Amino acid sequence: MSKLTAVLTSQVGRKLLTGLTGLGLTFFVIGHLLGNLQLLIGADKFNKYAHNLESLGPILWVIEIALVAVFAIHAVIGVSIYKKKKKARPVEYNVYNSAGKPSYQTSSSKSMIVTGTILLVFLIMHVATLKFGIGLPHYTTVVDGVEMKDLYRNVYEIFQNPLIVALYVSVMILLGLHLRHGVWSSVQSLGALNTKYRPTVYTLGVVLAVALAIGFLVLPVWLYIYGITKGAM
Ligand code: HEM
């Protein structure tokens, strides 16, 4: 076994890898939200943004392959850390009391495996539909004289179904819970925290998690309400 493999498969190496991949995914989620917020501005703005991304061609494929690899590493190592912990303490406590401030153990930290698994299932369905268009009609539109995919219309139509809106809102709350522990824990795993900065980084992590969850869940709710008001006019 090479030195690098030994480090990466060790307990410390795995924590380091979940931390690094977790932070990478957090940056992706921030970027994805900023892009998607253009749904609130209007169809042309959002379609142009999606078209510009698509026009990156091979550069986008490389980014997407890297993203899949990062998601996969994060999920596989996350499960292995969970299994190791479970082995170390096979019987759960009947009553869980938060350990309080210095330990930062919360219901979020205890449910990472559950929220992570639900997010993974959501992601597979989300990418299959919105990225690959499975089960969705292929619409086109013309913006500034350029013909492009009308992705806005797909997203808008999906969010006219209240069940899908409810599903997205629920998953975005779980995303917030996952990030509430995940952001802080990632920074901590990278060894970047001494006890002095821990409370500040923890609070910043919570604020970021709440902001991202609210930012995302506003989108389906907004498009649903917009659809109702448009239909009523
Ligand atoms: C209301 C919330 C969301 C909306 C409206 C939304 C919208 C979209 C759209 C329209 C696409 C297709 C982009 C394209 O083909 O150019 C997409 C792709 C994607 N979304 Fe989301 N998204 C949401 C939440 C999320 C969340 C929370 C995650 C991650 C945890 C996520 C991860 C992804 C990924 C990985 C892709 C594929 C990106 C690519 O390969 O280019 N999305 N999303």
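The values are calculated or read from the model by the stated rules, or taken from the named source; none is laboratory data. Source: prediction; values computed, not measured. Glycine also receives a Cβ, built like all others from the backbone with ideal geometry; neighbour counts cover every protein chain displayed.
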I need a count of the residues in region 58-70 that are under 25 Å from L219 (Cα atoms) and away from the ligand (no atom under 11 Å from the Cβ).
0
Looking only at region 120-137, count how many residues are more than 17 Å from L167 (Cβ to Cβ) and either among the aliphatic types (A, V, I, L, M) or more than 12 Å from the ligand (Cβ to nearest atom) (or both).
1
The number of residues in region 175-191 that are surrounded by 12 or more Cβ atoms within 10 Å (Cβ to Cβ) and more than 21 Å from V121 (Cα to Cα) is 7
If you go through region 155-173, how many residues are within 12 Å of the ligand (Cβ to nearest atom) and in contact with a helix residue (DSSP H, G or I) (Cβ under 7 Å, 6 or more places away or on another chain)?
11
Given the criterion among the hydroxyl-bearing types (S, T, Y) and either on the phi > 0 side of the Ramachandran plot or within 16 Å of the ligand (Cβ to nearest atom) (or both), identify the matching residue among S10, S55, S80.
S55
When you go through (1) among the small types (G, A, S); (2) more than 10 Å from the ligand (Cβ to nearest atom); (3) under 30 Å from V76 (Cβ atoms); (4) assigned to a helix (DSSP H, G or I) one by one for A213, which number turns out not to apply?
(2)
Checking the conditions here, which among V95, V169, V183 is at pLDDT 95 or above and of a type in the set (V, I, T)?
V169
